[in-house]
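Beneath this line is the structure, given in structure tokens, with notes to follow.
The values are calculated or read from the model by the stated rules, or taken from the named source; none is laboratory data. Given the structure is predicted, the values throughout are model-derived calculations rather than measurements. Quick reminder, even Gly has a Cβ in these numbers, built from the backbone with ideal geometry, and neighbours come from all protein chains shown.
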Amino acid sequence: MAAPTPRRPPPAFQQKPPAKPQIPIPRTPEELPAKYRPAATKVKLIIVALPIAIVSSYMLYKRLVMGEEPKRFNPKREDFTPKR
């Protein structure tokens, strides 16, 4: 008869692997290493500028290609009477 194979101990008795050292996560751009600051600035610029560029180009497309009239805040200037 074959010899029985050794069993693993139940999970409660297994040893936990040693904890990996934690890498600190910077909270502000000033805490970043110096070599990453230019990249962080570029990413921030893209995050801010890209939605503005997309929306403004879409509005310009609607005006030029689709013929939509631009919105006017005060379409009839002569009807405007200031309040006193």
**OP:** Filter segment 1-28 down to residues that are farther than 30 Å from THR41 by Cα, at pLDDT 75 or above and among the charged types (D, E, K, R) and give me whichever is farthest from the chain's Cα centre (by Cα).
**Re:** ARG7
Original post:
So LYS35 clears everything in (1) under 17 Å from the mean Cα position of the chain (by Cα); (2) surrounded by fewer than 10 Cβ atoms within 10 Å (Cβ to Cβ); (3) of a type in the set (Lys, Arg); (4) not in a loop (DSSP other than H, G, I, E, B) except one condition, right? Which one?
Top reply: (1)
